Amino acid sequence: MVASSAQIAFTAACTAHHLTPPLTNRVKAQLIDQLRADYPLQDLLAAAQIASSSYYDARHRQYRQDDPALIDEIAFYHEHYPDMGYRRVTTELQRLGWDINHKRVLRIMQEHAWQCTLYQHPGRGYRFDSFEGHTGQIAPNRLHRRFKTDRPLQKIVTDISEFRWGHESIEERAFLAICLDLFNMEIVTWQLAPVVTVTLALSPVQELITYRPALPYRMTVHSDRGYQYQHARFVTYLKRHHVFQSMSRQGNCLDNAPVESCFAQLKVLTVNNHRYPDYATLKAALQHSIDYYNFRASKQALGKLAAVEYRQRWAIDHDFLQFAGFTPLTNAANRKSPVV
């Protein structure tokens, strides 16, 4: 069956506003009103699959008018935080005192074509893998995908991922190493370098162990089987500081799922949707994205709190105040580098 011109126009309008079925009668009525001057009403009703009585009911019903201030707030988040979906925008608005639910926020974002589309990017198509076989010591898998913990800095997951700048050639690469605390999914330390070395892998772990508060329990550092984590220098450093080492099984990315998910979100915020002319610009963008991830990105699993806020509240509630003031070392440039 050949689609009518009205049906083609209605589908194009849905695409332009990033609308996907099922559509509410109110949204259908609004789209029909936009196209009604150019197409017969009956054709538009058929294209929208809505009865004329439902169309007139949706068109003439007295809906509560949205507060212009509310629309301005949502527009602000869409402009400055384009990775935010309607649920996170709802959480931010509720924290500002708005009495609003996610359905209303979603409707407003749909009507203004403000829905988040950053996660629809297919990615850059390159993948970094540091596994080179059994070149050193393989640690047992102590976590066994038990990623939850009720203690800060008890379970740390570390990994390295590749980011590119410029024309994204093999010479225009940067490698980000992070330490992720599974207690609140906070990036507690990180390091960026143009090449992968044992020093790059060890540096964020060094900083964390050097500047961490005193702990009444042992820390576990979990990683994949990359050659840098098997290296004697890395293994010896953890043993010297009484830190358990854990490694995922070979070729099993699910054993490292939390840090893989974290890198995926950082790439959405940076290289998947932006290009950077040089290494310094990319590093500045990663600094901004990591700060946003730690301090602003609310998480449903943390009671709609950001990672740092969750840790600070936990520290106060449990009278563990040394954790309340513990700051992620994303601005540690002025600190003296610890000695291995």
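The values are calculated or read from the model by the stated rules, or taken from the named source; none is laboratory data. Small disclaimer: the values here were computed from a predicted structure and weren't measured. Counting neighbours? That spans all protein chains shown, and the Cβs are built from the backbone with ideal geometry, glycine included.
Below are the figures for this structure:
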{"item": "Inter-residue pairs, beta-carbon under 7 Å, first among the aromatic types (F, W, Y) and in the range 309-322, second assigned to a helix (DSSP H, G or I) and surrounded by 13 or more Cβ atoms within 10 Å (Cβ to Cβ), 6+ apart", "result": "Y310/L302"}
{"item": "Test: Y276 is hydroxyl-bearing (S, T, Y), out of contact with any strand residue (DSSP E or B) (no Cβ under 8 Å at 6 or more places or on another chain) and buried (at least 16 other Cβ atoms within 10 Å of the Cβ)", "result": "yes"}
{"item": "Pair list, Cβ < 7 Å and 6+ apart or interchain, from the range 204-216 residues that are surrounded by 14 or more Cβ atoms within 10 Å (Cβ to Cβ) to residues that are at pLDDT 95 or above and small (G, A, S)", "result": "P204/A177"}
